[in-house]
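A short reminder: the numbers here are calculations on the coordinates, not readings from a lab. In this text, all values refer to a predicted model and were calculated from it rather than measured experimentally. Glycine gets a Cβ as well: all are built from the backbone with ideal geometry, and neighbour counts include every protein chain shown.
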Amino acid sequence: MRTRLHLCHLLIAGAVSIMSASSKAIPPEDGAALARAVVERHEREVRPLEKAVALAWWEANTTGKDEAFARKEEAQNRLDAALADTRRFRELEDAAAALGRSTDAGGADPLLRRQIAVLRLQYLEKQVDPELLRKMTAKSNAVEKTFNVYRAKVNGVEMTDSQVRKILKESKDPAERKAVWEGQKGVAPLVEGDLRELVKLRNESARQLGFKDYHVLMLHLAEQKQEDVLRVFDELEALTREPFRAVKAEIDASLAASYGMKPDDLRPWHYHDPFFQEAPAIYPESFDAVYRGVDIPKLCREFYAGIGLPIDTVLERSDLYERPGKSPHAFCTDIDREGDVRVLANIVANEYWMGTMLHELGHAVYSSLNIPPRVPYVLRGESHILTTEGMAMLFEKFSKSAVWLERMGVRVPDPKPLEDTGRRMRRNQLLIFAAWCQVMFRFEAAMYANPEQDLSGLWWGLVERYQMARRPEGRKAPDYASKIHIVSAPAYYHNYLLGQLFASQLHHAIAREVLRSEPAGALYNGRKEVGRFLDERVFDPGRTLSWNELTKHATGEELSPHAFAADLKSAAR
Ligand SMILES: [Zn+2]
C-alpha cells in the first residue's frame, strides 16, 4: 500500500452529468458536429502538449538536472495555458449542452458524449481567474519549498527525513523517539499560515466555478460526491472498528513490551512512522532474507507473462536502479497512450521493492499497453485513480506471500511461519492504513468546509477516534500541517482506500469466476485466464466507463466494503 502519485493522475479527468447549459441553443445535429470538431482539435493541439509533459517529467525525474526541471515546468505551463483557454471551454459547454438536449442516440453516440464530458472536467479545473491561479501556485510552491528544505532538529542536530524514519523504526529509547517525532512536526508551525491562506484561495477558486468549497470541487472533477464517499467510509468504519481495535491491542502490547512500558502510556511517537499510517514491525520473521539475491525484474517478468500480461517492453524502457540525481521514489507513466509505458524505480533486493515493482507494473498493465487503440485518445487511460491504484494493489500483496514465492521458484527456508506472518502483516497494514485514510478524508472535508475552526483540535479528535491513538497531553501545535499531501495532493488520499476496496472486490470476482476457488489465499501464478478476464472486464473499456460503472462491469456490483471486510476476516484466522 504505497502512497505514491502517478504522473497519469496529474491530468485529472472524468465525467459527470452536464451542469449548466450555455444560453444559446444549438440544434443537436450541429452539437454533434461541434463536439467532433472540439475533440479533433484537442487531439491535434493538446495531445502533443500532454506527451511533451510526460517526456519532460521522465527526463527531470531520471536525471535530476535543473535544466530538465525547468523544461518540465515550461511544458506543464504550456499545457495548463491550453486547458485554461476560455474559448475552447465555451465550445465544450456548447457541445455538451447540445448533446445533452439530443435524445437521438444515433445523432450523438455515447463515446462522443463521454469524450466531451471527460474533456469538460479536464478544462473546468483551469477556468478560474488567472491571477487567482497564479496566487495559488505561488502559495503551494512556497509551502512545498519549506517542506523540502526543512530538517527536523534534535538536540541542535539537523536530521534528514530518512534518519527520522530510521529512528522511529528502530529506537527503543522513548525520549529519543519523542524528540525526533516532535522534530518532524516542527515544519507545521512554519507552513501553517501559508497553508491556511492556500485553503482560502482554493475555496475562492471553487466558488468562482460554482462549488461550495475546494474539496467538493476536487471530488466533482474526479466524478465523486462527498456524501457518497462518506457513506462508504462510514460503512467501512463500522465493519473494521472491532478488527482494528483487536489488531491495535496486539500491536500496543508488543510495542509497550519492547519499550518496557504499559500500553496506556503509549503516545504517537511510539509507533514506527510519523503518522501511524504503517503497520509497526512486531513479528520476528522477515521476508527480506528470502529476497536477498533475488532478481526482482526477472521475477516480475515471469509472473506477468504467466498470467498472460507480458511486460517485457515496459521493462526495456524503464529506469530501474539507483543513480545519483535520480528521483528516489517509484512511479509508472504512460508517455503517449500508444504503448510507450515506463516505470521509474530504485530496486534493491528486498520485500519493499518486490512489492513496489508488482505495484508499478500493475499500473503498467492497466494502460495503453492493454487498452485497445480503438478506444479514442481522450478515453484511452484507466477509468479512475482508484481503479488503477486498485489494480496495483491487487498484485502488490503477493510480495508478502511465502506460497507465491515458492511458486515463483524462490527457495523459502521455512515457509509455514513466514506465510502466517505475511498474512498478519497484510491484515495489519490494511486496517492501519484504512484508519489513517479515515482521518485524512474527514479532516480535509471539514477543513475546506470551515477553515476558520480549531484545526488542531479537529485533527487530534479524528486521530483519537479513528486511529485510537492518544493525543499528547496539552498539545496544541498545528500537527496536521506536517502532512505534505494536504498541500500537494489535496482531496486525493481517499482514493487509495477506495482503490483497496476495488482490489478486494476484483480479487473476489477473479476467484469466483476464473479460479473457481475461495478468495482467501488464491494465487494467479501461471493462470493466463486471469489476464484474459482483466483484459475484458477492466482494461478494454478504458475510460469509456466511469469508476462505478467499471466496478459493476468488472465485478457485477457497485463498489462496497464487503469484500474488503471479508478479506480481513479470513486473514484473522
Ligand atoms: Zn500506485
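Based on Cα positions only, what radius of gyration and what Dmax would you give for region 511-552, in angstroms?
My reading of the Cα-based Rg and Dmax gives 11.9, 32 Å.
Could you list the residues of region 390-410 with an amide nitrogen less than 15 Å from a label point located 7 Å from the Cα of A305 in the Cα-to-C-beta direction?
Those under the cut-off are 408-409.
Helix 28-41: angle to the longest alpha-carbon principal axis of the chain, degrees 0 to 90, nearest 10?
That works out to roughly 60 degrees.
Could you give me the percent of Cα pairs per 5 Å distance bin for region 252-310, shortest bin first, beginning at zero and ending with the bin that holds the maximum distance?
P(r) for region 252-310, in whole percents per bin: 4, 15, 15, 13, 11, 11, 10, 9, 7, 4, 1.
Region 402-557: Rg/Rh from Cα coordinates, Kirkwood Rh?
Checking Rg against Rh, the ratio lands at 1.08.
Out of region 431-507, which trypsin sites (Lys or Arg not before Pro) are coil in DSSP terms and have no more than 16 other C-beta atoms within 10 Å?
Sites meeting the loop and neighbour criteria: R470, R475, K476.
What is the Cα radius of gyration of region 127-225 over 2.2 N^0.38 Å, N being its residue count?
The value comes to 1.45.
What percentages, rounded to whole numbers, describe P(r) for region 31-175 computed over all alpha carbon pairs with 5 Å bin width beginning at zero?
2, 8, 12, 13, 12, 11, 9, 8, 7, 6, 4, 3, 2, 1, 0
Using the Kirkwood formula on the Cα atoms of region 389-459, what hydrodynamic radius do you get, in angstrom to one decimal?
15.0
Please give the helix 351-365 orientation as an angle from the longest Cα principal axis of the chain, in degrees from 0 to 90, rounded to the nearest 10.
Result, in degrees: 10.
All other residues with a Cβ under 14 Å from the Cβ of P130 taken together, and with Lys, Arg as +1 and Asp, Glu as -1, what is their net charge?
Taking every other residue near P130 into account, the sum is -3.
How large are Rg and Dmax for region 113-155 when only the alpha carbon atoms are used, in Å?
Radius of gyration, then largest Cα-Cα span, for region 113-155: 17.6, 61 Å.
Could you tell me the ratio Rg/Rh of region 311-425? Both radii from Cα atoms, Rh via Kirkwood.
Result for region 311-425 is an Rg/Rh of 1.03.
Rounded to the nearest 5, what % of the DSSP beta bridges within the chain are antiparallel ones?
Antiparallel bridges: around 90 percent, rounded to the nearest 5.
Helix 226-259 versus the longest principal axis of the chain: what is the Cα-based angle in degrees, 0 to 90, to the nearest 10?
20
Given 37 °C and 0.692 mPa s, compute D for region 233-385 with the Stokes-Einstein relation, Rh being the Kirkwood radius over Cα pairs; round to the nearest whole µm²/s.
Estimated via Stokes-Einstein, D reaches 175 µm²/s.
For region 70-75, what does the Karplus curve 6.51 cos²θ - 1.76 cosθ + 1.60, with θ = phi - 60°, yield as ³J(HN,Hα) per residue in whole Hz, taken in order and with x for Gly and Pro?
5, 5, 4, 5, 4, 4
Run lengths n ≥ 4 of DSSP H only: what is the helix-derived mean residue ellipticity at 222 nm for the chain, with -39500 (n - 2.57) per run over all residues, to the nearest 500?
That calculation yields -18500 deg cm²/dmol at 222 nm.
Scan region 302-332 for GluC sites (Glu not before Pro) in coil per DSSP, keeping those whose Cβ has at most 13 other Cβ atoms within 10 Å, and list them by number.
In loop regions of region 302-332 (DSSP not H, G, I, E or B), the sparsely surrounded GluC sites (Glu not before Pro) are E322.
In a solvent-free Debye calculation with one equal scatterer on each Cα, what is log10 I(q)/I(0) for the chain at q = 0.10 Å⁻¹, listed in the order of the q values?
Reported log10 I(q)/I(0), two decimals: -0.90.
For region 34-82, what class follows from the C-alpha gyration tensor (a ≥ b ≥ c being the square roots of its eigenvalues): rounded when a/c is under 1.5, otherwise prolate if a/b is larger than b/c, else oblate?
In terms of gyration-tensor shape, prolate.
For q values of 0.13, 0.21 Å⁻¹, compute log₁₀ I(q)/I(0) with the Debye formula on a Cα-only model of region 497-569, without solvent.
Per q value, in the given order, log10 I(q)/I(0) is -0.35, -0.92.
By the scheme Lys and Arg +1, Asp and Glu -1, what is the net charge of all other residues having a beta-carbon under 10 Å from that of Y150?
+1
Out of region 505-550, which trypsin sites (Lys or Arg not before Pro) are coil in DSSP terms and have no more than 16 other C-beta atoms within 10 Å?
Hits after loop and neighbour filter: R516.
Sticking to Cα atoms, compute the Rg of region 370-419 to one decimal and its Dmax as the biggest Cα-Cα distance, whole number, in Å.
17.2, 50
Karplus couplings for region 422-435 from phi (6.51 cos²θ - 1.76 cosθ + 1.60, θ = phi - 60°), rounded to Hz, Gly and Pro as x?
Karplus-based 3J(HN,Hα) across region 422-435 equals x, 5, 5, 4, 5, 4, 4, 5, 4, 5, 5, 5, 4, 4 Hz.
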